[in-house]
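The values are calculated or read from the model by the stated rules, or taken from the named source; none is laboratory data. On a predicted model such as this, the values are computed, not experimentally measured, just so you know. Note that each Cβ is placed from the backbone with ideal geometry, even for glycine, and that neighbours are counted across all protein chains shown.
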Amino acid sequence: MKKIGLFYGTSTTKTANIAKKIQESFGDSKVEIIPIEDAWQNEFQSYDYLIVGTSTWFDGELPTYWDELIPKLTTLELQNKKVAIFGLGDQVNYPDNFVDGIGTLAEAFEAAGAKLVGFTSPEGYTFNQSLALKENKLLGLALDIENQPGKTKERIQHWVEQLKKEFGI
């Protein structure tokens, strides 16, 4: 069986809760959760597929744990490894950098040679701009649990089904 590693930060409770919901949606314990604060660089290379998650803080910043890891990611050999990204943001209070964390992580993983998967539509969101938006696609699963909590479960389920196809599992 192909191994899927889900990396997220434990210091943000909301992101941790979403990571667990994603893991549950895959079922059968196909996804191993690894807190980013405890992750070693070689752990990224030891999984067949990666799911990474972050929140976006303030004016588009990554939480400290990812911010510190980004320079190290570019040194990893992740050639053609499939990586899916999910991110939390607030499109009402931060419409000019909604889920920018997704875009920042996407850039770092692409620089390490990874192949991004799990793109989603920006339909159903209202924001001005985002680093996560490229060619009218979001570079991962965007969740706004502050303003659209009722859409979270359905968005996760659809995204996990999409990832199963893109991962070939």
Tell me, please, whether a residue that is assigned to a helix (DSSP H, G or I) and of a type in the set (D, E, K, R) can be found in the stretch 51-65.
-> no
Restricting attention to the stretch 23-54, the residues that are aliphatic (A, V, I, L, M), in contact with a Lys or Arg (Cβ under 8 Å, 6 or more places away or on another chain) and closer than 14 Å to residue 169 by Cα number exactly 1
Go through (1) buried (at least 16 other Cβ atoms within 10 Å of the Cβ); (2) more than 15 Å from the chain's Cα centre (by Cα) one by one and return the number of the condition residue 117 breaks.
-> (2)
Count, please, the residues in the stretch 52-109 that happen to be aliphatic (A, V, I, L, M), surrounded by fewer than 19 Cβ atoms within 10 Å (Cβ to Cβ) and at pLDDT 95 or above.
-> 1
Of all residues in the stretch 121-153, count the ones that are part of a strand (DSSP E or B) and either surrounded by fewer than 21 Cβ atoms within 10 Å (Cβ to Cβ) or among the acidic types (Asp, Glu) (or both).
-> 3
Tally of residues being assigned to a helix (DSSP H, G or I) and more than 13 Å from residue 134 (Cα to Cα) across the stretch 82-109 | 4
Some residue of the stretch 147-156 being out of contact with any strand residue (DSSP E or B) (no Cβ under 6 Å at 6 or more places or on another chain) and among the hydroxyl-bearing types (Ser, Thr, Tyr) | no
